[in-house]
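Every number in this text was worked out from the coordinates using simple rules, so none of it is lab data. Keep in mind the model is a prediction, meaning the values are calculated, not measured. FYI the Cβ positions are ideal-geometry reconstructions off the backbone, even for glycines, and counts take in every protein chain you see.
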Amino acid sequence: MAAETRLLIDVGSTSVRALAVDADDRILARASRPLKTQEAGRRVEYRAGDLLAAVEGAACEAAEGRLIDQAGLAVQRGSIACWDRRTGEPLAPVISWRDRRTADEAPPLPTTDIRMRTGLRFSPYAGAPKIAWCRAHLPAVVQAERRGRLAAGPLGSFLAARLGASVQPGCDHTLAQRTLLWSRARRGWDQDLLDAFDIPESILPEVVGSTADFGSVGILPGAPPLRALVGDQNVLPFIDGQPDPHTLYVNLGTGAFLIRPVAEPIDTDRFQLSYLGGDAGFALEGSVHGAGSALAWLARHDQGGSRFTPGRLAALDPAAEPSALFLNTIDGLGSPWWCGGPEAAFAGVANPESLSFDRRLAAVVESIAFLIRANLEAMNRLTAPPRRIIVSGGLGQSDFLVARLGGLIDVELLRLRSAEGTAMGLGALLSDRPLPDAAFEPVPCGTVPAIERRYGSWLEALRLHMQDPDDEPGRVRNPR
């Protein structure tokens with residue numbers, strides 16, 4: 001009997017990646033397609049047809065010449081779609097999780113009430129405000145709803161419905177939670193939240209587990225079953241088979257996400273309380289907004305022309321010492337502050353161009369490690385410190401970044417050898433077994449006094465630049 005081959009599809013913010021892997025989690029083939037957004041002011045959208053074509057193209061290329069036994073789909077979480085329930089045709093552009101068109105609208109319930117019901121902070125990045133906007137402003141959506149044919153929900157539900165050729169769209173709990181319409185108590189749509197956002201349950205997909213029957217992928221030979229649909233960040237902890245409450249998982253992409261499984265839910269306004277699904281329960285989730293996006297910012301602000309390349313990042317000497325501190329507030333400060341923060345800048349440097357590009361690059365990358373350390377400190381005030389930290393993702397391949405992080409922590413640090421942390425977690429979820437030890441690389445760790453001092457100076461510079469450093473907890477506050 002031939003060994004099982006799985007197709008793992010990861011739909012991120014800037015690209016779609018698809019991997020074909022064997023029963024031993026070895027990558028047999030990979031393919032990718034870029035994703036392009038249309039941006040105007042606060043609006044960030046994808047052309048739905050282009051996005052679907054990118055997913056199908058990457059999937060077909062990775063599966064070419066192979067008989068796929070089952071497929072899984074991990075998707076960016078806050079993006080939403082509206083489509084015709086009968087034909088599957090999109091009725092509007094896909095609205096990205098980064099879209100803030102509803103930022104000026106007041107929450108329909110007290111924010112504490114929303115957080116206690118869902119586990120998540122109210123945010124214009126969530127799905128519910130976007131779906132409500134579409135129902136109020138898009139004629140095609142309004143017309144489809146009048147005819148009883150409107151389907152709306154997370155992007156993953158639309159993609160699963162199209163790939164799996166399913167008339168009844170499904171939505172797993174991790175994606176449902178990100179809409180802010182999901183009840184953590186009932187594990188389903190919350191009627192009070194639906195009423196508050198004025199969204200009828202009839203247009204939403206059915207909430208199911210992350211591993212379920214999502215139809216058959218008809219574009220592939222043999223029409224393999226689509227057996228998993230999950231939010232991209234929520235799936236990383238499954239690289240351990242089941243999420244380990246003693247491990248902090250860090251996924252470094254456009255943003256950086258820190259996932260710390262917890263035995264019991266912890267109510268806090270400093271972190272999200274993300275549902276991992278099933279018996280895995282909940283996790284504290286921290287967000288560093290300026291990871292890969294901070295490198296993009298540096299490239300845009302390079303007056304010498306864009307000198308940033310992945311090769312330049314890889315060539316950074318792990319022992320190099322940046323000469324400046326970078327206040328990394330790209331896309332705002334995420335956890336544990338949750339505020340805009342000061343303007344992104346090299347602290348105390350009037351003319352950044354006076355610094356070499358590599359020194360500026362090192363300072364920006366170092367700031368990502370500092371933000372992770374700040375989140376770790378704040379998490380450790382809420383639960384016992386982790387026994388190990390696992391880093392993954394494209395930026396996790398940077399030796400300079402992981403060396404800097406290693407110099408800031410005193411617990412075991414491992415790096416996933418593959419940059420495809422989300423896909424590897426998805427594969428482990430499908431197979432219900434952990435990745436082998438060989439999939440991880442130990443990273444030297446132990447606090448380095450010089451790096452500790454720079455971190456303290458960076459934290460103080462950030463605090464001094466805050467408009468109100470003594471603001472309420474969870475917004476603008478020293479994470480210590």
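Annotations for the structure displayed:
- Projected onto their three principal axes, the Cα atoms of region 394-437 cover extents of 35, 21, 13 Å, largest first.
- Peptide packing for 136-143, 199-206, 96-103 was compared via the average number of neighbouring C-beta atoms within 10 Å per residue; ordered from the highest value, the list is 96-103, 199-206, 136-143.
- Where only C-alpha atoms are counted, convex hull volume of region 236-480 per residue in Å³: 113 Å³
- Of every Cα-Cα pair in the chain, the percent that sits beyond 41 Å: 15 percent
- Computed from backbone phi, the HN-Hα couplings of region 335-341 come to 5, x, 8, 6, 7, x, x Hz, rounded to whole numbers (Karplus: 6.51 cos²θ - 1.76 cosθ + 1.60, θ = phi - 60°; Gly and Pro given as x).
- Percent of Cα-Cα distances greater than 18 Å, calculated over region 1-51: 47 percent
- Region 165-206 and region 263-331 have Cα centres spaced 29 Å apart.
- Reported value for region 92-234: 112 Å³ per residue, from the convex hull of its C-alpha atoms.
- Radius of gyration and maximum dimension Dmax of region 374-471, Cα, Å: 16.3, 49
- Lys, Arg +1 and Asp, Glu -1 on Cβ, resulting dipole of the chain about Cα centre, debye, nearest 20: 620 debye
- Nonlocal amide H pairs with SER216, under 5 Å, H built at 1.01 Å: LEU226
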